[in-house]
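Data first, discussion second: the structure below is written as structure tokens.
The values are calculated or read from the model by the stated rules, or taken from the named source; none is laboratory data. Nothing here was measured: the structure is a model prediction, and the numbers come from that model. Positions of Cβ are generated from backbone atoms using ideal geometry, with glycine treated the same way; all protein chains shown enter the neighbour counts.
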Amino acid sequence: MLEKVAERVVAGGGGREAMLCVRGLVVAFGQVRAVSGVSFEVGSGETLGIVGESGCGKTTLARAIVRLIEPSAGEVFLGGRDVLRASSSALLELRREMQIVFQDPKGSLNSKMRVGEIVGEPLRVQRIGSRADRRVKVLSLLDRVGLGASSYDKFPHEFSGGQRQRIGIARALAPDPKLLVLDEPVSALDVSIRAQVLNLLADLRDELGLTYVFISHDLGVVRHFCDRVAVMYLGKFVEVGAAGDVFSFPRHPFTRGMVGSIPTLDGRGRGEDTVGLTGEPPSPIDVPAGCSLHPRCPVATERCRIDAPALVSLDGDDLGRIVACYHPV
């Protein structure tokens, strides 16, 4: 049921051809299911935001998509090609088209390598161009991300956090990918720098026709940066729809709680959380039966405690919204 619903509704993207297709993805670490049967598509040129509480599985999902960690089950297709069953040589070729930008710009850069080496490493690994060609490409990328040729021979510690993230973005762009997975790309940066990096990412998306999977806990950023948003809770998607629709009229109780926490200019939340979620998320080692939100949800019924709801389109909702809830608000 879930996979059929996902094929029909989660595809979204304004009718765009799917660049990324994920089906029933599971990532388990022993008894913990960090990602539990997630299915979605991202259209070419689209930006899908994935939001949720810390520990819900967002980063694990991001790394599984690009096979930095091996999923326990499921399928991932990039432009119709099977990522999870690709051989080592085929995966190396696929990595030209999918890259990831990490949350920590300092930790993701080798402190012993110069910037020119860092940005050019994907080109060297992929054996793209001669050494001279690679230098020209790297200089062009550094200029594109706003660092300039003077950065080429410097080390990462000589740069600010925002500049280091630009280095990470330049490295991700080096092999000319079609898909970028952005794992909290601005959360470690000062507020004033976040806007600059986001503007850079938006410009690159428009200029290069990139497709983004944008992982973030900053709901305000997701609302304005993403075309669609998927809300994740304890390893599963609970609501998916156009970003404007989800944030303006959230239907799942957990989504309403998140939206209600977005601060306003007067320092208070928006007040959307009329369902009154309580408590903390349960341990991922001991996920409750039925709907995993039911211990925190005041509208939960006996059915919620027994049967886990599937992602389904709502009656009368012509906006492409899908929600996993028996009592959508």
Check: Mind checking which residues of the range 53-77 are basic (Lys, Arg) and out of contact with any helix residue (DSSP H, G or I) (no Cβ under 7 Å at 6 or more places or on another chain)?
Finding: 58, 63
Check: Given the conditions (1) acidic (Asp, Glu); (2) surrounded by 22 or more Cβ atoms within 10 Å (Cβ to Cβ); (3) modelled with pLDDT under 90, which single one is not true for residue 266?
Finding: (2)
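Going by the conditions given, is residue 129 under 21 Å from the mean Cα position of the chain (by Cα), of a type outside the set (A, V, I, L, M, F, W, C) and exposed (fewer than 15 other Cβ atoms within 10 Å of the Cβ)?
On the way: under 21 Å from the mean Cα position of the chain (by Cα): no; of a type outside the set (A, V, I, L, M, F, W, C): yes; exposed (fewer than 15 other Cβ atoms within 10 Å of the Cβ): yes.
When the stated conditions are applied, residue 129 does not pass them.
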Note to self: Given the condition crowded, with 18+ Cβ neighbours inside 10 Å, under 20 Å from residue 216 (Cα atoms) and in contact with a helix residue (DSSP H, G or I) (Cβ under 9 Å, 6 or more places away or on another chain), answer yes or no: does some residue in the range 78-98 qualify?
What the structure shows: yes
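Can you tell me which residue in the range 125-134 is nearest to residue 173 (Cα to Cα), limited to those that are in a helix (DSSP H, G or I) and without any contact (Cβ under 8 Å) to a residue 24 or more places away in the chain?
134
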Check: For the subset of the range 51-77 comprising residues that are over 11 Å from the mean Cα position of the chain (by Cα) and hydroxyl-bearing (Ser, Thr, Tyr), which member is surrounded by the most Cβ atoms within 10 Å (Cβ to Cβ)?
Finding: 72
Checklist line | Considering residues of the range 277-293 that are closer than 26 Å to residue 221 by Cβ and at pLDDT below 85 only, the residue farthest from the chain's Cα centre (by Cα) | finding: 277
Checklist line | strands (runs of 3 or more DSSP E) wholly inside the range 135-247 that include at least 1 residues being among the basic types (Lys, Arg) | finding: 228-233, 236-242
Note to self: So, residue 173, is that one out of contact with any strand residue (DSSP E or B) (no Cβ under 6 Å at 6 or more places or on another chain), crowded, with 16+ Cβ neighbours inside 10 Å, of a type outside the set (Phe, Trp, Tyr) and at pLDDT 95 or above or not?
What the structure shows: yes
